[in-house]
1. Among the residues of region 101-155, what is the count of those that are in contact (Cβ under 8 Å) with a residue 12 or more places away in the chain, of a type in the set (V, I, T) and part of a loop (DSSP other than H, G, I, E, B)?
2. So, of the residues in region 1-30 that are of a type in the set (G, A, S) and more than 19 Å from D239 (Cβ to Cβ), which turns out to be surrounded by the fewest Cβ atoms within 10 Å (Cβ to Cβ)?
3. Only one residue in Y289, Y278 is of a type in the set (S, T, Y) and either in contact with a Pro (Cβ under 9 Å, 6 or more places away or on another chain) or within 21 Å of L347 (Cβ to Cβ) (or both). Which one?
4. For residues that are in contact (Cβ under 8 Å) with a residue 60 or more places away in the chain and basic (K, R), scanning just region 252-293, find the one that is surrounded by the most Cβ atoms within 10 Å (Cβ to Cβ).
5. Look at region 164-215 and say how many of its residues are touching a Gly at 6+ places or on another chain (Cβ under 8 Å), under 23 Å from P10 (Cα atoms) and assigned to a strand (DSSP E or B).
6. Within region 300-342, how many residues turn out to be of a type in the set (S, T, Y), farther than 16 Å from C263 by Cβ and crowded, with 16+ Cβ neighbours inside 10 Å?
7. Please tell me if F86 is at pLDDT below 95, surrounded by fewer than 22 Cβ atoms within 10 Å (Cβ to Cβ), over 29 Å from K166 (Cα atoms) and touching a strand residue (DSSP E or B) at 6+ places or on another chain (Cβ under 8 Å).
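The values are calculated or read from the model by the stated rules, or taken from the named source; none is laboratory data. Since this is a predicted model, take the numbers as computed values, not measurements. Counting neighbours? That spans all protein chains shown, and the Cβs are built from the backbone with ideal geometry, glycine included.
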Amino acid sequence: MGKLGISIYPERSTFEKDKAYLDLAHKYGFKRVFTSLLQIKEDKEKVLAEFKAVVDYANSLDMEVMVDINPALFEQLEISYDDLSFFDKMGAYGVRLDLGFTGAEEAKMTRNPYGIKIEINMSQGTNYVDNIMSYSPNTDNLLGSHNFYPHRYSGLGFDHFMYCTKKFKKYNLNTMAFVNSHDATFGPWPTQDGLCSLEEHRDLEISTQVKHLKLIGGIDDILVGNAYASEAELAAMADAFNAPEPTLKVVAYKDITDAEHKCLFDSEHSYRGDKSDYILRSTMTRVWYADKEFPAHNTVDITRGDVLIDNVGYGQYKGETQIALKEMKNDGRVNVVGRISDDELFLLGYLKPWSGFKMLEVK
């Protein structure tokens with residue numbers, strides 16, 4: 001089972017605010033914490049003391065803190081890759097290498113005596129992980145995580161994201177990606193247009209980003225990249241992440257009948273296995289609501305994403321729920337009762353035959 005997580009940036013906030021955010025995330029079952037030590041500009045001891053206070057508090061909530069570092073920081077702190085005692089003293093669960101070494105060093109780091117996890121960058125698309133694997137790492141201590149991208153249009157394209165993810169899943173390594181909060185206001189740098197791994201996620205609701213990552217598979221852990229996500233966002237993330245099946249947002253039309261409303265929103269839907277190119281069929285509603293009336297109304301021509309219910313004119317199909325996958329002519333036997341919300345229309349491409357789903361009414 002994967003984990004949810006948040007990101008905190010102690011040097012850009014206060015201990016009290018970070019503590020309150022950790023409490024909130026803990027309330028919703030979040031386990032992971034990402035934080036970065038990419039640069040220390042002020043007094044080293046002061047920065048590290050503030051940092052350790054936050055890590056200690058997260059540990060007291062049984063959360064796992066991953067510290068993002070780069071090779072320059074190793075030099076600045078006078079620590080070496082073959083002695084990770086510094087991070088053990090700090091209480092870190094692991095270190096994320098923003099920039100890696102040659103492969104041999106990472107493998108050696110995974111064999112550290114403290115059991116500290118080593119998380120490497122998944123987004124490069126090189127043979128970096130294959131190289132590390134050739135040096136016999138302890139794979140229990142080797143994790144991967146995608147980068148996040150504060151610059152609009154600089155995030156990962158979907159195909160590249162999947163290509164990189166598969167390279168890691170081939171070795172059964174734990175994987176992670178970042179999603180973007182719209183209520184958060186900062187990240188590790190002054191400039192940010194949100195902090196997500198996939199560019200196509202940047203403007204989507206946080207729950208939709210999570211649903212997408214769950215539907216495509218291959219990503220174990222999902223973290224909010226920016227701080228601070230709102231309580232509503234954390235709750236929505238937890239709902240989407242822990243749901244046994246995805247929920248699609250649907251805008252119902254004004255003339256929808258009570259029986260049609262029940263078909264859509266009071267039913268567990270199942271994508272029928274003998275799939276069609278034109279419609280995604282959820283057939284059981286015609287059995288469950290066989291005694292209901294389904295008179296013809298709103299029998300307009302159909303576009304992709306329309307939510308449909310066969311009316312009385314379709315005989316034994318009366319009451320069957322469908323989602324349109326293509327444009328179709330309507331001969332009067334199909335009621336167009338709503339639409340998949342525009343921002344979730346793309347999720348239709350990831351639903352698989354025999355999978356279950358639910359519909360959630362949105363305005």
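1. 2
2. Going through region 1-30, the residues of a type in the set (G, A, S) turn out to be 2, 5, 7, 13, 20, 25, 29.
After this cut, where a residue has to be more than 19 Å from D239 (Cβ to Cβ) as well, the list is 7, 13, 20.
Details: S7: 27, S13: 15, A20: 12.
The qualifying residue surrounded by the fewest Cβ atoms within 10 Å (Cβ to Cβ) is A20.
3. Y278
4. If we take residues in region 252-293 being in contact (Cβ under 8 Å) with a residue 60 or more places away in the chain and basic (K, R), then R272 is surrounded by the most Cβ atoms within 10 Å (Cβ to Cβ).
5. Here the count works out to 4.
6. 1
7. So F86 fails the test.
Matching residues to (1) touching a residue at least 40 places away in the same chain (Cβ under 8 Å); (2) assigned by TED's automatic domain parsing to the domain that holds S282; (3) assigned to a strand (DSSP E or B):
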site	(1), (2), (3)
A296	no, yes, no
G313	no, yes, no
G319	yes, yes, no
Q322	yes, yes, yes
D331	no, yes, no
V337	yes, yes, yes
